[in-house]
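**Student:** Below is a structure I'd like to ask you about.
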Amino acid sequence: MANDDWKNSFHILKNSNKNEAIAILSEHYLTLPPGAERIFVSMHLHSIAKKKDPLRFAPSSYILNNYENIEIEMTQVMNFEDDGHSLKAAKLTQQQLNKAIRIKDDELVALLSLQYCKNNIELQRHQVAQAYCEDVLDFLKSSGQHFIDIRWVYRLLASSYQQSGELDNALLVNKMIAKYASETSSEYQYHPQSNHLVNLDDQSSAEGYLQQSLEHEIERLTAEKIQHFQTTELVTMRQDQIFYRLTVSTLIVFILLVLFSRFRLKHISERDQLTGLYNRKTAFDKILKSTVSTNKTHTLVLFDLDHFKSVNDTYGHPTGDLALKHVAKILSEPMMKSDFIGRIGGEEFFIFLYGCGKDLARERVEMMRVHLEQSAYVSHQGKRLKITASFSFLTSNTIHHEFQSAYHILDEALYHAKRTGRNCVIDAIHDPITAARTKDRPIEHALTADIE
């Protein structure tokens with residue numbers, strides 16, 4: 001059986017005919033000498049036939065070599081995984097990886113590094129997992145065709161990025177997977193990618209991958225019908241092709257509608273319905289996901305509109321809604337790709353500046369304050385109005401673990417800003433926060449009507 005034939009047959013049958021899938025793996029296993037590929041096939045056998053003994057085909061008097069010892073231990077690793085003992089599985093995998101390094105077998109090192117990546121994802125040690133997956137990718141790219149499918153490595157890497165909140169990286173890796181799709185496994189490849197991309201807010205790419213999957217499926221179904229009915233009349237064959245094309249076209253429309261509905265529901269549940277910004281829950285969740293790693297410094301910004309109650313009292317709540325939409329639009333403009341803004345309640349907003357350290361934080365927040373101060377919007381009465389805001393910010397590389405404390409510090413600093421003049425920027429960590437109270441500025445400092 002050619003190198004890829006058994007893998008393609010296995011993936012087609014593993015969900016529909018378990019016994020036949022096991023037979024394919026067993027047949028291929030018997031053709032292999034002790035080594036990395038046989039360990040690889042043995043692990044696949046275990047994934048279907050749970051709790052099987054290792055070296056199923058060896059005689060009882062067999063003297064085990066290094067590879068066969070590793071094969072036995074990797075079977076135990078997978079048994080640990082089945083029983084939920086992730087830490088034991090990771091430790092045993094690391095021991096076998098060290099053995100592979102000592103015997104200088106690069107293929108085996110790559111295979112066990114891939115398993116160690118998987119173990120560390122289960123333990124939420126994503127930086128370690130990503131490093132090992134990247135090593136495997138480097139090896140596979142330099143070695144050409146290989147029994148390890150590079151898509152499996154990319155899927156583990158995408159899963160790690162997604163779980164650790166690095167959604168941009170997860171999206172890039174998911175798109176990379178499609179480059180390695182083969183015609184014989186199009187449905188197996190593209191359809192799951194469409195679901196991943198919906199979850200990552202990339203509706204356009206999701207629809208594209210789904211379209212490719214179903215186009216390949218049309219070709220596959222048509223080819224099967226031609227082969228099966230090659231002795232039938234041409235007219236009948238064409239009728240069958242038309243029937244299948246209509247069936248699959250209907251399926252395309254149905255699945256696209258389901259995907260669009262899922263995307264819309266997800267969007268609605270995450271967004272503030274007035275401004276279109278992230279709502280409080282989503283904004284806080286995204287901040288926690290984006291700050292899992294402690295080797296980056298990020299900036300949190302809390303701001304509150306000045307004299308917003310007076311806007312509602314003077315011009316009415318519809319104009320107040322216009323003010324909120326205006327603020328959302330104006331302050332979304334200077335956001336970089338990984339930054340985001342959320343409305344957390346009333347006239348209070350949160351901004352997350354990804355990777356922004358203390359050297360740039362004040363400059364960027366001050367730029368936002370000025371940008372808002374110099375902009376204007378039109379009330380329902382046709383008057384051009386301005387509105388300002390008070391800002392507090394802090395920078396830290398421990399936001400994920402100390403978010404509630406950071407939020408409290410920002411809130412105290414914002415209170416200080418509101419009591420010391422409004423329309424200003426306060427560094428919640430380094431600026432002095434006093435208990436002093438000063439008289440509020442007149443309302444026209446925050447709200448000006450009839451601007452020329």
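The values are calculated or read from the model by the stated rules, or taken from the named source; none is laboratory data. Since the model is a prediction, treat every value here as computed from it, not as a measurement. Using ideal geometry, Cβ is built from the backbone for each residue, glycine included, and neighbour counts are taken over all protein chains shown. Side chains are part of the model used for accessible areas, which takes the heavy atoms of the whole protein and leaves out ligands, DNA and RNA. Shrake-Rupley method; radii C 1.70, N 1.55, O 1.52, S 1.80 Å.
**Student:** In sequence order, what are the phi-derived ³J(HN,Hα) couplings for segment 385-401 according to the Karplus relation 6.51 cos²θ - 1.76 cosθ + 1.60 with θ = phi - 60°, rounded to whole Hz, with x for glycine and proline?
**Tutor:** 10, 10, 9, 10, 8, 9, 10, 10, 8, 8, 10, 6, 10, 10, 4, 4, 8
**Student:** Hey, rough spin-label estimate for residue 333 and residue 48, points 7 angstrom out along Cα→Cβ, what's it come to in nanometres?
**Tutor:** It is 6.0 nm.
**Student:** OK, next. Multiplying the sequence separation of residue 101 and residue 381 by 0.36 nm and subtracting their Cα-Cα distance, what value in nm do you get?
**Tutor:** 93.2 nm
**Student:** How long is the gain from residue 91 to residue 269 if the chain were fully straight, where each residue apart is worth 0.36 nm and the alpha carbon distance is subtracted?
**Tutor:** 60.0 nm
**Student:** Take the cross-link list 281/325; 91/118; 329/383; 358/386; 329/386; 309/418 and give me the ones stretching past 21 Å between alpha-carbons.
**Tutor:** Beyond 21 Å: 358/386.
**Student:** What ³J(HN,Hα) values, in whole Hz, does the Karplus curve 6.51 cos²θ - 1.76 cosθ + 1.60 give for segment 351-365 when θ = phi - 60°, with x put for Gly and Pro?
**Tutor:** Karplus-based 3J(HN,Hα) across segment 351-365 equals 10, 10, 10, 5, x, 8, x, 5, 5, 9, 4, 4, 4, 5, 5 Hz.
**Student:** While we're looking at this one, here's another question. With a Förster radius of 56 Å, plug the Cβ-Cβ distance of residue 152 and residue 359 into 1/(1 + (r/R0)^6) and report the FRET value to the nearest 0.05.
**Tutor:** Efficiency at R0 = 56 Å is approximately 0.85.
**Student:** Over segment 239-389, give the accessible area per residue in Å² for a 1.4 Å probe, as an integer.
**Tutor:** Accessible area per residue: 51 Å².
**Student:** Contact order normalised by length for segment 359-431, with contacts defined as Cα pairs under 8 Å and 6 or more residues apart; what percent is it?
**Tutor:** Once divided by the residue count of segment 359-431, the mean separation gives 35 percent.
**Student:** Shifting gears a bit: Any idea what the relative contact order of segment 130-173 is, in percent, if you count C-alpha pairs under 8 Å spaced at least 6 apart?
**Tutor:** Averaging sequence separation for qualifying contacts and normalising by length gives 33 percent for segment 130-173.
**Student:** Hey, can you rank 155-168, 360-373, 407-420 by average C-beta count inside 10 Å, highest first?
**Tutor:** In decreasing order of mean packing, 155-168, 360-373, 407-420 become 155-168, 407-420, 360-373.
**Student:** Another one. Beta carbons within 10 angstrom, averaged per residue: use that to sort the peptides 393-399, 427-433, 274-280, highest first.
**Tutor:** So the peptides 393-399, 427-433, 274-280, ranked by packing, come out 393-399, 274-280, 427-433.
**Student:** I'd like the FRET efficiency for residue 367 and residue 138, computed as 1/(1 + (r/R0)^6) with the beta carbon distance as r and R0 of 41 Å, rounded to 0.05.
**Tutor:** 0.50
**Student:** In whole Hz, what ³J(HN,Hα) sequence does segment 28-42 give by Karplus (6.51, -1.76, 1.60; θ = phi - 60°), x for Gly and Pro?
**Tutor:** 5, 4, 5, 7, 9, x, x, x, 4, 5, 5, 4, 4, 5, 4
**Student:** Name the residues whose placed amide hydrogens come within less than 5 Å of the amide hydrogen of residue 426, ignoring near sequence neighbours (fewer than 5 apart) on the same chain.
**Tutor:** So residue 426 has HN proximity to 391, 392, 393.
**Student:** Which whole-angstrom value gives the distance between the alpha carbon centres of segment 307-339 and segment 68-103?
**Tutor:** 57 Å
**Student:** Can you give the three extents of the C-alpha atoms in segment 344-442 along their principal axes, from longest to shortest, in whole Å?
**Tutor:** Here the spans come out as 47, 32, 26 Å, largest first.
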